Structures are given as structure tokens and as C-alpha cells.
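The values are calculated or read from the model by the stated rules, or taken from the named source; none is laboratory data. A quick note: this is a predicted structure, and the numbers were derived from the prediction, not measured. For neighbour counting, all protein chains shown are included, and Cβ atoms are generated from backbone atoms with ideal geometry for every residue, glycine included. Quick note on the areas: whole protein, heavy atoms, side chains included, nothing else; ligands and nucleic acids left out. Shrake-Rupley method; radii C 1.70, N 1.55, O 1.52, S 1.80 Å.
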Amino acid sequence: MTAICGIWHPDGRPGAADACARMQRALAIYGSGRTGHWDGGEIAFGIGLARLLPEDVYDRQPLTGGGGRFRLLADVRLDNRPELAERLCLPAAEARLMADADLVRAAWETWQVGALDHLIGDFAIAVWDAERRQLHLARDFLGQRPLFYHHGRGVFAFASMAKGLHALPDLPKAPDLDTLRDYLALAPQRGPGSFFAHVSRVEPGSLVTLHADGRLERRDWYDWHLDGDLRLPSDAAYVEAFRATFDRAVTDRLRATGPVASHLSGGLDSSAVTAAAAGMLAERGQGLTAYTHVPLSGVELEEPRNRFGNEWPLAQTVARAYPNITHVAADAPNRMMGGDLDAHFHYFEYPTLNLCNMVWAREIAQLAGRGRQKVLLTAGMGNMTISQSGLERPAELFRAGHFLTWFKETLALTRTGHSLAGAFVGRTFVTFLPGRMVNLLRTLRRRQAWELSEFSALRREVMDSEAFRARMRALNYDHSFRPWPSMRAKARFVLRRSDLGGHEQKGHLAAFGIDPRDPTCDRRLVELVHAMPSSMFLRNGQTKWIYHQAFADRVPAEIRAERRKGYQAADWAERFRWAAPHLEAQLASAAAHPAVSGLMRTEEMLSAMKSGMPQGVPDGKVTRKYRLNILRGLSVGHFVTKMDNRNSS
């Protein structure tokens, strides 16, 4: 993994190298195994490499290509090295001695901007075209590598993380309050805005090009709206393609310079990833360390309807099935909720909305780092790829006019535990209703209505403002979370909803020395799954049909039969009470900042903290007030105050 940066004076002024060196020093925590720079007078590039791939020993960035026409930087892990080398007509023996960045350079020399569609993996790249005097910046389709830029008068700078840009003396540190407002509303991140004022981000799947005359072009190189329809001759062919593509995604993420670990919950996705990785590593005579969060001992757990709070027993069934797995419980007894906020700001550079999960997630990362593991396999996008439920299929069938098939499939859902109203009304007809009507039906059924104020700490006048309403309309964001009418539409929305994967990758590298990798968001897997017919996911009332067909011999029956979902951080209430004095002090400090108090209902939050959280297992109302409103608001408030030059680290 590489920390990249650069600066260009389009007016031709020299002296870019000094500013680039400042940026490079600020980014050193993200890559100091090898440093390199290039001084082109008006433009300069810098890199800091963290060696995580075997081929990184050949990395000599910044690279020159096209007979001197191109200069290239790439923060990249390529997952299609053999196929790419073949397309480029590179001999296998030569390709083996090339770093991933060398293959990117060869691809750019061959196809230029068209090279992006040939790159499978996580990447952020920068290319200077001296002939056309253009600077190109691009990221992979899901943005698993971050890249930020600042376009000022007479200067254009870019860096892997914002702290590289903040090393420039003329760029003030300040939060972008509009972005934080949208973030607190759980709205999708769209547009170039970042959490930092005066700092833009290259959006996932997009290309940013700066011309010498100062023009800035932004366009998507990846088209999310090209819906292919995969037609294979049999169910067996679909299952085989699904399993083979998934296995390739896991295999490619095992390429590392050291041991591999995985996060293993009691759910379907991490179980499939861990089982596949364990089987592959066993063939190499290697082991896998699997980390599972377990709640604090002796604590009453919050377990909402259809959820379970302790995932250790189910995770153990996977670990026992693979002798090369070393299973480690992570209960984080000494890690205080909210105690890592300063470190999180420094390394990850974004405000987390889930301080409860940060407790165990950071504990697992720290354990993996201490164990000298280099890679931590995750499965965060599995719900939108390998374990999609298919519950959107009835709405798809009805809208397509396949009424008999719709009736049979919907009736089958009632035989597998779904209520009659939920199957016939909730899964089909509710998708035609506006959000307000959906919430009214939830209220009539004595279910929780998804009002924005229930899960967001935003001030009511902010939520009621015309600017906010216009922004939500522009994003086509319906916070009633009504059922989706299409599997593909839902998956596209969720996969593209936030741009935090790159922050997480860089933060884990700097703080713990590990590289999180998620096979379930592999581009080949995403495209395959989204081209499959919905009958592969819901059939005769069975959800996740293809998952069960593909992994029946790998994932224990106990996990595949569990209908409930794991509820992460089910011990959060006890941890909250323990940390309450610290959390209240942090909240009071943040509330004193005018930007924070103008954005959020700080008076209500402070009043609730002073009153104290009720004893016992929290009900839904308490959870929404303390876990959702207060902790999310506290995290964003802390971020805002840290961005203040008087308080920043």
C-alpha cells in the first residue's frame, strides 16, 4: 500500500518539490518502507510505500512511461495480474518481476484513460501527461483506496489522505459542515465534497482531470447503470460461476508478505470468507487466525427482535471445522467507548457513526497487529453480494407482470416464517407507496416509524430547512427506508452509499500495521451477482438460495440454519455506563463549539447525559436516544472541534 501525493503549478511556476516534500512527510505514517519523489519543476510527485505484497520489492515509484510522456503514481493492489499481463502481451517471467504499479504503467501506456476498466483491485492513481499537460486522478469502482485534492488559485495538489494537503501552509483546516450534515442524516455521499472544507475527494469509480488552463473535469469511468443479464444453461452453472468467482476473490486477497487473519462473526458472510481462506491456506501448509468479538462476561445483552448478541458459539463451529484456524476471542475488557476518538481522528480522518462497534473492531485490529498479521480479511459487503436475501424478487415479478409466479413465490414466503401481511403487502405493494405512507403503516402495525430525528442528532430547524430538503431530493434519498422494488437498485445504493473504505484501509495500516481486505466487494463478484436473475437468491420461499447451494460443504449447518442476525456490541449499554463521565465531558466540550451547537440538538443530548441512561437492558427508545443520537452526535462533534486550528493535533 502506498501513500501518494503531488502538487502542480499550472502557471508554470517552479518550486513544487518543496511543497510536495512537506506533504510527503505528513503522510509518512501511511507508508515509510520506501520513499521516492520526482521533481519536474512546476510539478512534483512523492510516495511512501508500505510493503504488503510480495511484488512490492520491485516497486520503484514514481514511474516514467511512454518515453517520458507519462509520470505515474499508484496506490494499488491488482487482483488480475495474470490476465492483465496477458492482455499487455507481457511474458510471464517478466510480469513476475513487476510491481503492481509497473503493470498499471504498462496499461496506461497502452490504453491511457481506458486502462481503468482493465484494472481489477483496489487503487488510487495519479498520472501526469507532459505532452497534453494534463493531470489525471482516478479511484477504483468502490473507492477502497482514498484520494483527495485541493484546487486553489495557481495550485493543484493531491494526497492519499487529507493530512497531506493540510501540510500546505495556505490550506486552512476546517470541517465541511454541509457534508457532516448529510452524513448525520445517513444520506449517500455524492459529489466531490469531503469532511474537510477546501478539500475535495476523487469519488469512487471516477476520473478527475486538470488541464493547464485551470479547467477541472470530473466524470465517472465506471458505469453503475449498465445492467447485464447473465443467462447460463443450468442452476449448477450459476452455482459454479458464483463459487469460482468468490474463491478467486478470496485467493487474490491472500497475496501478502506475512500471515493472514480474518474477522469471524457468527454470520454467513464472514463464515464463508474465513472457511474459504482456511481451506486455501491449509493447502499451502499455513494457518489462519480468526478473531471473534465476544460481549463482556456477566453482562445483560440487548437482543432486539430476531437478533442474537453473542456470536462466539456459532463462530466456533467454523473454527472447529478447520484445524488450521486459531480462534481468538476479543472482548476488549479494558477498551473504553469513546476513548479512541483522538487516535481515530489522527489515523482515520473521519467521524465514525458507531462508537459501539469501534470498541471491538479496534481491539481486533490491535490484536492482529500485535500478532504480526499483515492482512485482515473482512466481509462487510457480503449482504449486497454473496448473501443477498432476494426478498425484492416479489416486487420485481409483480412489476414485470409475472403474476402467477409472484403469487406462488409470495405464498412460499408465508410457509417459511414470513407473515401473510409482510409477504403480500410489505414485499410488494408497499414499494409503490411514498415514504410518509410507509411510516404510517409501520405506526399502525405498532412498529417503529423511521423518522429522521429517531436516528440523527441534527437540529430540527436544520432538518426542516429548505436547503436540507432540496439536498435530500437531489440525492433521491428516502429516509423512511421503505422496501426496495429491485435487488440491483438496492445493492447499487448500499454499495455506493458511503465512501469510508479508503479511510479504513489507510487508518488500519497506520495505526496497527494491517491491511483490511474484503473479498465480498470484489468487482468481478459484484458484477457477476448483479447480472444473475433474482431466482438465484429467492426460490420457493428460501432466501439466499445460491449461498446455501455454493457453501453447504463449507459453512456449518448451524450457521446456515440460523434465521436471526447477529447484533454487534450487544453489551454496549454496560460499556456506555462505564464511559459515561468521559463521554459527557467530551460532549460538553464539543457542544461549546458554535458550529456543533448550530448543527445538532446538543441541549437535548447533554440533558440526557446528565439524567443518565436508565438501568437494565435498554429498550428501543433508549437505544435510539443514546446509541444512535448521542454517540453519533458526539463523534461528529469531536471531529468538528479537532478540525479547529486551536484544538487540532
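For this structure, a couple of remarks:
- Dipole orientation for the chain: of the candidates Met605, Trp224, Pro533, Met605 has the Cα lying most toward the positive pole (charges on Cβ; Lys, Arg +1; Asp, Glu -1).
- In summary, the lysines within cross-link reach of Lys408, defined as a Cα separation below 30 angstrom excluding same-chain residues under 8 places away, comprise Lys490, Lys544, Lys565.
- For the range 181-252, the equivalent ellipsoid derived from the Cα gyration tensor has semi-axes of 37, 18, 13 Å, listed largest first.
- Within the accessible surface of the chain, defined with a 1.4 Å probe on protein heavy atoms only, the carbon and sulfur portion equals 51 percent.
- Cβ charges +1 (Lys, Arg) and -1 (Asp, Glu), total dipole of the chain, debye: 1340 debye
- Residue separation of Asp18 and His211 scaled by 0.36 nm, minus their Cα-Cα distance, works out to 67.3 nm of gained length.
- Seen from Trp406, the other residues with C-beta closer than 13 Å to its C-beta sum to a net charge of +1, counting Lys and Arg as +1 and Asp and Glu as -1.
- Net +/- balance of residues flanking Tyr58 in space, Cβ distance below 15 Å, scoring K and R +1, D and E -1: +2
- For the pair Ala585 and Asp229, label points projected 7 Å from Cα toward Cβ lie 6.3 nm apart.
- Taken over the range 540-649, the percentage of Cα pairs per 5 Å bin, counting from 0 up to the bin with the maximum distance, is 2, 10, 18, 16, 11, 9, 8, 8, 8, 8, 4, 1, 0.
- In this simple spin-label model, placing a label point 7 Å from the Cα along the Cα-to-Cβ direction at both Arg219 and Thr414 gives a separation of 5.3 nm.
- Sequence ranges 503-516, 155-168, ranked by mean other-Cβ count within 10 angstrom, highest first: 155-168, 503-516
- Per-residue ³J(HN,Hα) for the range 467-474, Karplus 6.51 cos²θ - 1.76 cosθ + 1.60, θ = phi - 60°, Hz, x for Gly and Pro: 4, 5, 4, 5, 5, 5, 5, 4
- Value of D in µm² per second that Stokes-Einstein yields for the range 435-534, Kirkwood Rh from Cα pairs, at 10 °C (1.306 mPa s): 93 µm²/s
- Stokes-Einstein diffusion for the range 266-364 at 4 °C, viscosity 1.567 mPa s, with a Kirkwood radius from C-alpha pairs, works out to 85 µm²/s.
- Anchor Lys173: lysines whose Cα lies under 17 Å away (excluding residues fewer than 8 positions away in-chain): Lys163, Lys642
- Cα-only radius of gyration and Dmax that characterise the range 1-146, units Å: 14.6, 44
- By the Cα gyration tensor, the range 99-160 has an equivalent ellipsoid whose semi-axes, rounded to whole angstrom, run 21, 16, 9 from largest to smallest.
- Summarising the label geometry, the points placed 7 Å from Cα in the beta-carbon direction at Ser297 and Trp111 lie 5.5 nm from one another.
- Note on the range 95-229: Rg/Rh from C-alpha atoms, Kirkwood Rh, equals 0.99.
- With helices as the sole contributors, the chain gives -11500 deg cm²/dmol at 222 nm; each DSSP H run of n ≥ 4 counts as -39500 (n - 2.57), and the sum is divided by every residue.
- Calculated FRET efficiency, Ser607 to Glu562, Cβ-Cβ distance, R0 = 30 Å: about 0.15 to the nearest 0.05.
- Highest average first, the peptides 96-108, 472-484, 172-184 ordered by how many other beta carbon atoms sit within 10 Å of their residues are 96-108, 172-184, 472-484.
- Bridging of Lys610 to aspartates and glutamates at a Cα separation below 13 Å is possible for Glu584, once same-chain residues fewer than 8 apart are set aside.
- Considering only Ala74, Ala552, Leu433, and ranking their Cα positions along the charge dipole of the chain that arises from unit charges at the beta-carbon of Lys, Arg, Asp and Glu, the one farthest toward the positive end is Leu433.
- The mean accessible area for residues of the range 295-432, using a 1.4 Å probe and ignoring ligands and nucleic acids, is 44 Å² per residue.
- The chain - Rg and Dmax from Cα coordinates, angstrom: 24.8, 73
- Computed over neighbours whose Cβ is under 11 Å from that of Asn354, the net charge equals +2, Lys and Arg +1, Asp and Glu -1.
- For the range 553-633, with +1 on Lys and Arg beta carbons and -1 on Asp and Glu, the positive-most of Gln615, Ile630, Gly566 along the dipole: Gly566
- Note on the range 190-298: percent of Cα-Cα distances in each 10 Å bin, starting at 0 and stopping at the bin with the largest distance, equals 10, 23, 22, 28, 14, 3, 0.
- Computed over protein heavy atoms with a 1.4 Å probe, the accessible surface of the range 133-290 works out to 36 Å² per residue.
- Rg [Å, one decimal], Dmax [Å, integer] - the range 237-285, C-alpha atoms: 11.4, 35
- Placed amide H near Arg34: partners under 5 Å, 5+ positions off or other chain: Leu49
- The range 574-615 pair-distance distribution - Cα-Cα, 10 Å bins, rounded %: 29, 53, 17, 1
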